[in-house]
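These notes concern the structure reproduced below.
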Amino acid sequence: MSSDLPAPASFLRAAEDELLELSIETSRADWVHATYINDDTQSLAAKANARLIATTVRLAKQSMTLRTESLGPEDQRKAKLLRLSLSLVAPSDPKEGEELTRIVAEMQGAYAKGRHVPRGTSEPVDLQALSRILSESRDPVALEDAWTGWHQVGRSMRAPFVRYVELANRGARELGFADTGAMWRSKYDLEPEAFAAEVERLWQQVRPLYQSLHAYARMRLRVTYGPDRIPEKGPIPAQFLGNMWAQSWEGTYPLLAPPESDPGVDLTKILVSRGTSPTELVRYGERFFTSLGLDPLPPSFWERSMLVRPRDREVICHASAWDLDFVDDLRIKMCIEITEEDFHTVHHELGHNFYQRAYSRQPFFFRESAHDGFHEAVGDTASLSVTPEYLARIGLLDTVPDASRDIGLLLHRALEKVAFLPFGLVVDRWRWDVFAGRIAPADYNRTWWEMRQQYQGIRPPAPRGEAEFDPGAKYHVPANVPYMRYFLAHILQFQFHRALARTIGHTGPLHRASIYGSKEAGARLRTMLEMGAHQEWPDALEAVTGERRMDAQGLLDYFAPLQRWLDQQLRDAPKGW
Ligand code: X8Z
Ligand code: ZN
């Protein structure tokens, strides 16, 4: 090693300073782009990202030449995280670097601008309005029209996506990864293939529950839509599942609700009837976290967040949480509608913000979650505590329904959480194969639907050709956001919930446990949040659960009464597809 290189420890300190400053600048460019899309903000964001990526790659390459044996364990971990910090690596050729970040900014812009004129109307409407049709309409023609109309948004992304795959892989290889998918799988303190095996293990744990839910949904949807539209044994047409991507099915709840059970709590109705504002919706979420002993959000959060869709400009409506200065310039960006779904999304986003602030005292390289599934799980864990008792305690419900008729409540939650699992898996199983070259561009759409059928048991409304690019109709694909994190989060949140329920001494059914107001549960959670990425994720998991392995048993325990009930309903009805 040449003697003019700085000592490893001071190299890392200088790298942290340089990257912190550049990251703040890039966040600001990204924020302005996401909340005010035009050619200028797109170009500024692309340039800032290209610069941050180029600097990170340069530093990561240098770090790979460090004599790591001279580093303490903390610095060794920093060097490791530096090489793993990017989810998009550009090739070192500056022209190609800018081309890649421009493609991603453009694909994101195309997604945000997607519109469709619903059949029988004359105005183009956005994804939110089309999603409302998917969840509320029971008219098969309207459903198919909204579904097909939105999915056209992917078409223009096909060519740029092919180029993006090529350039992103070139970049990942420069950092020593086999391809971008292998780089994404390397972020879990495991070898990439060992991580893939962990995912498979978790999927096998929950697959039987999914299959029961799928069979029950199919059986009941047949009653509403008829045997010509819903097959007895085959995959379910995607437009009937209440959501644009069939990723969560709570829109179908009114059709699937157990006839004799309590109608459940209609939170949307309650919130709307009280004239709840978007700001008040967020306040509910904030109060949940402060009840655990966490500090309230800073005043700048309320001044700088974007809570509603502006009338006069294009924005990225897909919800996200931000920490612009990596200390306490916390914000969320959402186009809030007063619905139960957004009530939960607010908790999801604030979970990110409270995590970000908790780890802000760590060195810069550790200002991250234990792994990305943890980041996605924190807010959802809070949401699992939104029980009837909790709603009564905060004055949103007058009387708490009796727990003996809770199957409806559990079914509703399963339509949200269990239905999600195979979707959470399929997005990146598909992208992993694309990045690895196992799926060629000519087969993008065919393989996408083969996998969606294989895992989710769904099919498109009508055959889709290769002129379409249906993966592009899901935000995280054009935006280059890895997706396996959500699959993991859907497992982890129940593992956290079960452990925290034990912490507060809850003995009843898990779906009736709420940690609201518990400083003891809060302290446990806080220990994990404050660790950030300082230690490997099993340490963080242990801090909350006492366990060092991800385990779907928490989810299975939570839904055990529902699993029994579903199988009673199904009797001899076919499962699988
Ligand atoms: O993208 C999100 C969050 C932002 S991190 C709103 N989620 C996934 C999705 O919408 O597809 C949360 C659940 C899954
Ligand atoms: Zn999230």
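The values are calculated or read from the model by the stated rules, or taken from the named source; none is laboratory data. Just so it is clear, the model here is predicted, and its values are computed rather than measured. Counting neighbours? That spans all protein chains shown, and the Cβs are built from the backbone with ideal geometry, glycine included.
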Check your understanding: Looking at L391, L409, which one is at pLDDT 95 or above, surrounded by fewer than 23 Cβ atoms within 10 Å (Cβ to Cβ) and within 26 Å of T252 (Cα to Cα)?
Key -> L391
Point to revise | region 337-385, residues that are in a loop (DSSP other than H, G, I, E, B) and either crowded, with 22+ Cβ neighbours inside 10 Å or in contact with a Gly (Cβ under 7 Å, 6 or more places away or on another chain) (or both) | key: Y359, Q362, R367, E368, S369, A370, H371, S385
Revision key, fill the gap. Of the residues in region 227-251, those that are in a helix (DSSP H, G or I), touching a Lys or Arg at 6+ places or on another chain (Cβ under 8 Å) and not aliphatic (A, V, I, L, M) come to F240
Exercise for review: Specify which of the listed residues (Q569, Q535, Q563) is modelled with pLDDT of 95 or more and under 20 Å from L190 (Cβ atoms).
Suggested key: Q535
Check your understanding: What is the one condition in (1) in contact with a Gly (Cβ under 9 Å, 6 or more places away or on another chain); (2) of a type outside the set (S, T, N, Q); (3) part of a helix (DSSP H, G or I); (4) surrounded by fewer than 21 Cβ atoms within 10 Å (Cβ to Cβ) that K80 does not satisfy?
Key -> (1)
Review point. Picking from Y455, Y444, Y516, Y486, which residue would you name as being among the hydroxyl-bearing types (S, T, Y) and closer than 22 Å to R549 by Cβ?
Key: Y486
Revision key, fill the gap. When region 303-323 is checked residue by residue, the ones that are outside any loop (DSSP other than H, G, I, E, B) and either surrounded by fewer than 16 Cβ atoms within 10 Å (Cβ to Cβ) or at positive phi (or both) are E303
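Listed here are the residues, each with its yes/no results for (1) surrounded by 19 or more Cβ atoms within 10 Å (Cβ to Cβ); (2) away from ligand 2 (no atom under 16 Å from the Cβ).
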| site | (1), (2) |
| --- | --- |
| A462 | no, yes |
| Y483 | yes, no |
| F487 | yes, no |
| I491 | yes, no |
| T507 | no, yes |
| G517 | no, yes |
| H534 | yes, yes |
Review point. Does at least one position in region 283-297 carry a residue that is surrounded by 20 or more Cβ atoms within 10 Å (Cβ to Cβ), closer than 19 Å to A29 by Cα and within 16 Å of ligand 1 (Cβ to nearest atom)?
Key: no
Study note, to complete from the structure: Exactly one of R446, R464 is under 24 Å from G234 (Cα atoms), in a loop (DSSP other than H, G, I, E, B) and either more than 14 Å from ligand 1 (Cβ to nearest atom) or at pLDDT 95 or above (or both), and that one is R464
Revision key, fill the gap. With the first residue restricted to region 313-330 and required to be modelled with pLDDT of 95 or more and within 16 Å of ligand 2 (Cβ to nearest atom), and the second required to be in a loop (DSSP other than H, G, I, E, B) and acidic (D, E), Cβ contacts under 9 Å at 6 or more apart or on different chains are C317/D126; W322/D329; D323/D329
Revision key, fill the gap. For region 406-426, pairs from a residue that is more than 15 Å from N243 (Cα to Cα) to a residue that is more than 16 Å from ligand 2 (Cβ to nearest atom) and basic (K, R), with Cβ under 8 Å and 6 or more apart or across chains, are D406/R512; V426/R452
Study note, to complete from the structure: Checked pairs for region 81-110, first more than 19 Å from A178 (Cα to Cα), second among the aromatic types (F, W, Y) and outside any helix (DSSP H, G or I), C-beta under 9 Å and 6 or more apart or across chains, list as Q108/Y475
